[in-house]
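In what follows, a single structure is set out as structure tokens and then discussed.
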Amino acid sequence: MITKPFRITAMLALLASSSVGFSQDEAEPTDQLTATAVEAEGNMVFTIPTLKQLWESQAVLNTNRDKVAHFSADEDIVFVQSTAGTITALNAESGRRMWSAQIGRSDEVAMQVTSDSQFAAVVAGPVIHTFDKFSGQKLFAYRLPQSPSGPPLITRREIVKNNNVRVERKVFVPLADRSVVAYDIDQLTYLGRHGAMKKGVVRAMDWKYRSGELTRFAPAAGIDRVVVSSERGNLHILNMSEPDAGKVQFQFLMNSRTTAPLTIVTREDREYLLAACDNNRLFCIFLRLYGTLPANRVNEGDLNWTLPLSNSVIQPVLVVGQDVFVLSTEGELRKFNLDTGSPVDVNRGVTAIATQSEGVTGSVPVYGAAVDFSVRGPLALTPIRVSNRSTGQIVTSVILNLVECAADLTFAAEESGDPVFRISRAVADQVGFRGAKLSEDRKVLTIELADFQPGESFEFLPDFQHAERPESELKDSDLAGGEVSALVSPVRLSVLASVSQEGRIEPLSPRTIIGRWKRIESVWVVNDVKSLAAVSRNAVHFINGIGELVSVNRETAESRVSVPVRDYTIQIPNDLTDRIYMSTTFGRVVCMAEQRFEMGVMPVPVAGALSWIFYPKQELAPEFAVYHQNPGRRPLMPDVPKKDAAASVTESSETVQ
């Protein structure tokens, strides 16, 4: 039996086994892995679903009387607001406290902060307070004409005119008089600094839209439009650009109030608006279309799709890439496609069942042969599993035939023509493994067995080859259409015991049963979800019903890795980056990210032959946060490995001297 060099299955199972340490005894099956490998300057780097704490920080509040009222973040800053009105700004990457300030009077009710790339605004009582987001310098405090009915929204737009670029910043506030007001931040900043408006500006308010309907949620903004949802279940889409600023472009009547904040995402030349309503439906609307209109001539304001849900949605709908994550009040997290609204199907691998029933003449069959085959995951990493589910049958050989597979696959072979094939010693002894052989065209693999009894299973790793695709790209679905077969023989004693004395046993000779690989799919769904925390390239992170932070594979919804998070009961539903931010009720904030390792390779003798496995050579610093919605804002950050421990001690010693 030969093991192919650089087989990394064992090490991947080792890495995925635990979120605390590495133990081969606790390794999970290789088909349950969520580790992802990338090449980085010739080195193999793995991002695994275990989480690493990046930093921990404390917000400014009186822990004897105050608690966290609001907890939010953008790509740069994490904001913590206390019930006493104190706001603390923490650096999103380092946790360093950047500034803190008292908003309004002590214990005055405040709305959640809103921010853009430079400013942060908070409405406390009837006053809107605006700060420089990075320095904390207060720019102005402006008293609104009415009490607010919902949180504010800041927008930033770059307007190009005559080869000149002008940055326009506005703040939108829904008011108790059933209107939405828009202010120009530059005008209010000038007013706060000089006590008067700019020359030629007669009023601070830019425009006001009165819908006659109360708004509880913050408005949502796209590139040049702002959307307001009302308690009556209507969406008002307003223009932000002159000369039609503040005018309705179109309305969407849902006849059912929105139950969660609106979500707007821009993908290529389309802008989508998603709204969840209390009639248990999710709507996706074309908010804006840029460039050439699609062939089906959809219009702005048209319904792209709608979904009936089993329960209502009260938490924000998160959209990352083309994945729409919807969490219902019953704790069911589902994933849909942004373009079509279709539930995302999960590849559960391919399976094949070879079966045949046998029995007494003139009677219902009393026993039969049934052998199933399954594989899930990359063919280079995941084993094929064969299970004997027969009654009274032993399997003497199994055959894999690749002639009719979806891909033009062949089995790898040594120079002597023997198959490149691996099976553990324990499994080989259990099933009486005798050997494996290949056909001349390397399309048919026959495995000879001696003692493969009913109820037993075994796993093996053959190596597949493709003329045009590397081994790492071969998937289980490539086997679809291929044939499997098993040669079975009855176990006479078990057959006799299963038939009455009056019955007559048909003399059965060894025979072959045949099946074909078929792809198995199911809907992507995760249960027992309390709140959604973040989505990365590889994983979805959430809090479950008992307060654990759980990570599941983004593609398969499986491979759960859980981490106890103690008193960190407040989470940010982060759809902007892949960082996980949590806070205690007393303002202790923690940031977590996925771990990364550079892998080394070493030889290991296995069954008299030389095999190779990968091991974690060193842990790398986590990548800078991935910006899901605004990838262009992501700053450059070099990937610097941790210093060698011995070097650190030497440096410390030299410093002391």
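Quick one: how many residues across the range 524-553 are charged (D, E, K, R) and not in a strand (DSSP E or B)? Result for the range 524-553: 2. Remark: pairs (first residue in the range 49-60, touching a residue at least 60 places away in the same chain (Cβ under 8 Å); second residue charged (D, E, K, R) and outside any strand (DSSP E or B); Cβ separation under 8 Å; 6+ apart in sequence or on different chains) = LEU54/GLU93; LEU54/ARG579; SER57/ARG96.
For the range 438-475: of the residues being hydroxyl-bearing (Ser, Thr, Tyr) and either in contact (Cβ under 8 Å) with a residue 40 or more places away in the chain or part of a helix (DSSP H, G or I) (or both), which is surrounded by the fewest Cβ atoms within 10 Å (Cβ to Cβ)? Per the criteria, the residue is SER472. Against the definition (farther than 20 Å from PHE336 by Cα, at pLDDT 95 or above and in contact with a Leu (Cβ under 9 Å, 6 or more places away or on another chain)), how does ARG579 come out, yes or no? Yes: the conditions hold for ARG579.
How many residues, within the range 401-435, are among the small types (Gly, Ala, Ser), assigned to a strand (DSSP E or B) and either closer than 17 Å to ASP476 by Cβ or at pLDDT 95 or above (or both)? Give the derivation first.
Residues of the range 401-435 among the small types (Gly, Ala, Ser): 406-407, 412-413, 416-417, 424, 426, 428, 432, 435.
Filter once more, so that each one left must be assigned to a strand (DSSP E or B): 413, 435.
Subsequent filtering for residues that are either closer than 17 Å to ASP476 by Cβ or at pLDDT 95 or above (or both) retains none.
Number of matching residues: 0.
Picking from residues in the range 297-312 that are surrounded by 12 or more Cβ atoms within 10 Å (Cβ to Cβ) and among the hydroxyl-bearing types (Ser, Thr, Tyr), the one that is farthest from THR340 (Cα to Cα) is SER312. Within the range 208-265, the only residue that satisfies the criterion of being of a type in the set (D, E, K, R), under 25 Å from TYR290 (Cα atoms) and touching a Ser or Thr at 6+ places or on another chain (Cβ under 7 Å) is ASP224. When you check PHE433 against the structure, is it aromatic (Phe, Trp, Tyr) and over 19 Å from GLY482 (Cα atoms), yes or no? So PHE433 passes the test. Annotation: of all residues in the range 320-378 being closer than 30 Å to PRO631 by Cβ and among the small types (Gly, Ala, Ser), the one that is modelled with the lowest pLDDT is GLY377.
Considering the range 225-264 alone, what residues qualify as being in a loop (DSSP other than H, G, I, E, B) and over 18 Å from TRP207 (Cα atoms)?
Selection gives SER230, GLU231, ARG232, GLY233, MET254, ASN255, SER256, ARG257, THR259, ALA260, PRO261, LEU262.
Name the strands (runs of 3 or more DSSP E) wholly within the range 98-213 that hold at least 1 residues that are within 25 Å of PHE250 (Cβ to Cβ), among the aliphatic types (A, V, I, L, M) and modelled with pLDDT of 90 or more? Lay out the reasoning, then the answer.
Working: elements: 119-124, 127-132, 138-143, 153-161, 164-175, 179-184, 205-210.
Filter on the range 98-213 gives 153-161, 164-175, 179-184, 205-210.
Can you name the residue in the range 204-226 that is of a type in the set (A, V, I, L, M) and under 15 Å from ARG156 (Cα atoms) and, of all such residues, is surrounded by the most Cβ atoms within 10 Å (Cβ to Cβ)?
Initial filter on the range 204-226 (of a type in the set (A, V, I, L, M)): 204-205, 214, 218, 220-221, 223, 226.
The next check asks that each one be under 15 Å from ARG156 (Cα atoms); those that pass are 220-221, 223, 226.
On the way: ALA220: 22, ALA221: 21, ILE223: 15, VAL226: 24.
Among them, the one singled out is VAL226.
PRO573 meets all of the listed conditions (1) in contact with a helix residue (DSSP H, G or I) (Cβ under 9 Å, 6 or more places away or on another chain); (2) surrounded by 18 or more Cβ atoms within 10 Å (Cβ to Cβ) but one, namely (1). The lone criterion from (1) buried (at least 19 other Cβ atoms within 10 Å of the Cβ); (2) free of Cβ contacts under 8 Å to residues at least 40 places away in the same chain left unmet by ILE423 is number (2).
The values are calculated or read from the model by the stated rules, or taken from the named source; none is laboratory data. For clarity, every value in this text was computed on a predicted model and none was experimentally measured. Every residue, glycine among them, receives a Cβ derived from its backbone with ideal geometry; neighbour counts consider all protein chains shown.
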